[in-house]
Each structure stands twice: as C-alpha cells, then as structure tokens.
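Derivation of every value follows stated rules applied to the coordinates shown; laboratory data play no part. The model shown is predicted, which means the values in this text are computed figures rather than measured ones. Glycine also receives a Cβ, built like all others from the backbone with ideal geometry; neighbour counts cover every protein chain displayed.
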Amino acid sequence: MHDIVDLESRGVPAVMLASDEFVDAADVQAAALGADPARVFVAHPIQDRTDDEIRALADAAVDEIVARLTSPPA
C-alpha cells in the first residue's frame, strides 16, 4: 500500500493487487495513510494454485486493472 500511495503521489498511475483475503486490511491501511488508491482483488488463496489457475486469475483481472490505470482518479 505504501508503494502505491508513493507512486501516485509522484503522478505515476498505480493499482494495488491482492487476494480478497486482504480487503479489510487494505481498507484499514488506506485510511491510516489518508489515501484511497485503486485496488483490485482476486480470489484467495494464491500460493497453492497451479500456473494455469494463476493465469486464469490474471486473465479475469486484467481488464479491471487496465481500466483503473487508465481512468482519471475518483
């Protein structure tokens, strides 16, 4: 979260990507930093997935990631 906030403060579009297990933690961290960076969450867990499953998660998320990177901040 710190890296995303830092990048955005420098004018670099950024999106935080994490598994949905970390939605609440991301909300708390963002509030603590006084920021609201773009976030995209994928299904949890990650570590036990096959390469094909990871590719499927990435394929499902890529459009949202690109949209958040190329849209003006809310």
State yes or no: is D48 exposed (fewer than 15 other Cβ atoms within 10 Å of the Cβ), in a helix (DSSP H, G or I), of a type outside the set (A, V, I, L, M, F, W, C) and out of contact with any His (no Cβ under 8 Å at 6 or more places or on another chain)?
no
Members of the range 8-18 found to be assigned to a loop (DSSP other than H, G, I, E, B) and surrounded by 13 or more Cβ atoms within 10 Å (Cβ to Cβ), listed by number
P13, A14, V15
Scan the range 40-67 and report the pairs whose first residue is more than 22 Å from I4 (Cβ to Cβ) and whose second residue is in a helix (DSSP H, G or I) and hydrophobic (A, V, I, L, M, F, W, C), with Cβ atoms within less than 9 Å and a gap of 6+ or a chain change.
R49/A56; R49/L57
Positions within the range 19-41 being under 16 Å from L69 (Cβ atoms) and assigned to a strand (DSSP E or B), in sequence order
R39, V40, F41
Of the listed residues (V28, V42), the one being surrounded by 13 or more Cβ atoms within 10 Å (Cβ to Cβ) and of a type outside the set (K, R) is V42
